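Worksheet: one structure, shown below.
The values are calculated or read from the model by the stated rules, or taken from the named source; none is laboratory data. Small disclaimer: the values here were computed from a predicted structure and weren't measured. Every residue, glycine among them, receives a Cβ derived from its backbone with ideal geometry; neighbour counts consider all protein chains shown.
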Amino acid sequence: MVKSGKVKRIRNNSRVRIVPSSITGRPKGAWVDAEARVATDSQAAHATELIKMKYGIQFWLVSHLNKAERIVIEIREIT
């Protein structure tokens, strides 16, 4: 069971607000209302494979330097 604050908040209340941002975190667009949820194991495995394909050696380096548990969060815009 994951004990991170972010996961606890999402499980308690799935409503979130997101915004596109720069690498430094400066907002670059309009805020959007959305819902977040922790992905299932199979969804997380698929997302991890896609990230591995995109980032290659960078993914490997970060994975080996950071041994924390990986959590995948799915975010969908509320329409």
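Summary of computed values
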quantity	calculated
Output for the stretch 52-77, where each listed residue is modelled with pLDDT of 90 or more, out of contact with any helix residue (DSSP H, G or I) (no Cβ under 6 Å at 6 or more places or on another chain) and under 18 Å from Lys6 (Cβ atoms)	Ile73, Glu74, Ile75, Arg76
Residue that is surrounded by the most Cβ atoms within 10 Å (Cβ to Cβ) [pool: residues in the stretch 1-56 that are in contact with an Asp or Glu (Cβ under 8 Å, 6 or more places away or on another chain) and among the polar types (S, T, N, Q)]	Ser14
Condition met for Ala30 (out of contact with any helix residue (DSSP H, G or I) (no Cβ under 7 Å at 6 or more places or on another chain), in contact (Cβ under 8 Å) with a residue 12 or more places away in the chain and not in a strand (DSSP E or B))	no
Filtered residue count, the stretch 57-69, keeping only those that are surrounded by 11 or more Cβ atoms within 10 Å (Cβ to Cβ) and either part of a loop (DSSP other than H, G, I, E, B) or among the hydrophobic types (A, V, I, L, M, F, W, C) (or both)	4
Selection within the stretch 1-15 - of a type in the set (S, T, N, Q) and at pLDDT 90 or above	Asn12, Asn13, Ser14
